[in-house]
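A quick write-up on the structure given underneath.
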Amino acid sequence: MPAFDIIVVGSGGGLDETNLSGYLVKPSNTSWDDGIIALEAGSGHGALRHIMKRNPNIFGEQPPDEDPSKKTTPSTVYSNVKCFLLTHAHLDHISSLVISAGTFGGCSKRIYGSPQTLKDLETIFNDRVWPRLATYDETNPLFRLVYHAIHADGKYKTVFPDIAVRSMTISHGKNELGCYESSCFFVKHLPTEHEFVFFGDVEPDSIAIQPRNITVWRAAAPKIPHDLSAVFIECSYPTGRPNELLWGHLSPDHVVQEMISLATEVVLARRLPGAGDRLRPRKKQKGNPLAPEALHGALNGLRVYIMHCKENFNTERPINHVIGDQCRELLAPHNLGLELLTADQGMKIVI
Ligand SMILES: [Zn+2]
Ligand SMILES: [Zn+2]
């Protein structure tokens with residue numbers, strides 16, 4: 001039984017400002033009118049307008065032309081958004097939230113993010129860069145947007161009816177202040193216990209000052225594929241990009257390494273049922289402890305969606321298809337069993 005419906009409003013990571021990270025999520029057994037989670041808010045109304053021109057019935061059958069007041073529009077869709085869930089506050093993940101903040105219809109909306117993500121947002125909603133349109137005070141009727149911290153404390157927090165989220169901190173490069181942190185979300189449908197993993201921008205464990213992807217894989221491994229059958233992960237750059245120019249992102253070779261890490265954790269979790277992400281020692285592993293054949297088929301039943309590919313306008317095909325093919329080619333010899341897909345703008349994904 002499907003648990004989630006997801007519409008991809010945008011799946012790129014720049015340079016194309018019309019296609020930035022933005023996903024609309026709802027439980028499969030409810031209607032889009034019942035409420036929506038906006039997972040990231042890079043692209044928003046404008047991108048959705050173009051998607052709905054191409055596919056007017058993406059949110060369900062539109063009423064006949066003579067009844068325009070009942071039509072679904074980008075504004076009615078965003079008025080049904082109950083909360084935003086942000087992995088970090090880089091502009092390609094928040095720009096549509098900022099631009100639309102003064103005009104959202106519907107109920108007041110929570111902005112969920114790590115305390116640091118919310119602090120960063122405050123520097124935009126500061127009456128200088130943009131008006132102060134959000135508050136921490138849930139009771140203040142003057143504000144439609146309310147900051148609400150989601151802590152990386154190992155717990156699931158209910159953010160929406162029937163949906164709870166566990167946030168984990170991940171590394172997204174470094175700057176003068178040190179390691180720049182982003183978030184990875186485990187999004188769980190409580191009635192079915194089905195969940196998916198959604199990564200914010202992330203760098204490979206192999207080059208991070210603080211390798212933290214391994215903790216995500218350990219948390220995910222015991223649930224794959226029965227309770228967890230989809231992972232959304234970035235692959236910003238194509239093959240051949242030198243490590244020193246990744247700026248806190250992944251390329252196909254690193255996606256493959258991360259999938260091998262995940263497959264390894266899945267095999268270990270199956271050998272040691274109940275160990276989960278807590279009981280096994282967290283020593284940094286030197287190389288892969290398992291023979292390559294032991295990983296064959298370990299990720300059967302898992303769909304991995306590649307996203308956040310950085311458009312360079314130099315390829316004939318969309319850059320995410322080019323990068324998707326590169327990932328598939330590099331993954332093939334490992335026989336891990338996963339299905340690698342690309343998240344395309346305008347796509348409806350059922351999980
Ligand atoms: Zn980004
Ligand atoms: Zn980023």
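Please treat every number below as a calculation from the coordinates, not as lab data. Keep in mind that what you see is a predicted model, and the values were worked out from it rather than measured. Positions of Cβ are generated from backbone atoms using ideal geometry, with glycine treated the same way; all protein chains shown enter the neighbour counts.
Classify the range 1-74 as rounded, prolate or oblate from the Cα gyration tensor: take a ≥ b ≥ c as the square roots of its eigenvalues, call it rounded if a/c is under 1.5, otherwise prolate when a/b beats b/c and oblate if not. Cα axes put the range 1-74 in the oblate bin. Please give the FRET efficiency for Asn55 paired with Ala291, using the beta carbon to beta carbon distance and R0 = 45 Å, rounded to the nearest 0.05. The formula returns an efficiency of 0.45 here. The overall shape of the range 1-157, judged from the alpha-carbon gyration tensor, is prolate: a/c is not under 1.5, and a/b is greater than b/c.
Sort out the exposed loop trypsin sites (Lys or Arg not before Pro) in the chain (DSSP loop, at most 15 other Cβ within 10 Å) and tell me the longest stretch that has none. In the chain, the maximal stretch lacking such sites is 156-277. When Met1, Met347 are arranged by Cβ crowding within 10 Å, least crowded first, meaning fewest neighbours, the order is Met1, Met347. For the residue pairs Lys82/Lys310; Lys71/Lys157; Lys71/Lys109; Lys26/Lys71; Lys155/Lys348, alpha carbon separations beyond 31 Å are given by Lys71/Lys157. Once the Cβ-Cβ distance between Glu329 and Ile209 is put in as r, and R0 is 41 Å, what FRET efficiency do you end up with, to the nearest 0.05? Calculated transfer efficiency: 0.85. Over the residues of the chain, the helix contribution to mean residue ellipticity at 222 nm works out to -6500 deg cm²/dmol, using -39500 (n - 2.57) for each DSSP H run of at least 4. Less than 12 Å from a label point 7 Å out along the Cα-to-Cβ axis of Ser75: which backbone N atoms in the range 134-157 qualify, by residue? Nothing falls inside the zone, counting backbone N under 12 Å. Working note: Karplus 6.51/-1.76/1.60 with θ = phi - 60° gives the range 49-57 the couplings 4, 5, 5, 6, 5, 6, 9, x, 9 Hz, where Gly and Pro are set to x.
Round to a whole angstrom and tell me the spacing of the C-alpha centers of the range 176-232 and the range 297-351. Cα centroid of the range 176-232 versus Cα centroid of the range 297-351: 17 Å apart. Would you please state which residues of the range 181-212 a label at Asp227 would reach in this model, taking the label point 7 Å out along Cα→Cβ and a backbone N cut-off of under 20 Å? Output list for this probe position: 184-199. The charge dipole of the chain, taken about its Cα centre with unit charges on the Cβ of Lys, Arg, Asp and Glu (plus for the first two, minus for the last two), comes to roughly 880 debye. Modelled this way, with points 7 Å down the Cα-to-C-beta line, the labels at Glu193 and Val350 are 2.3 nm from one another.
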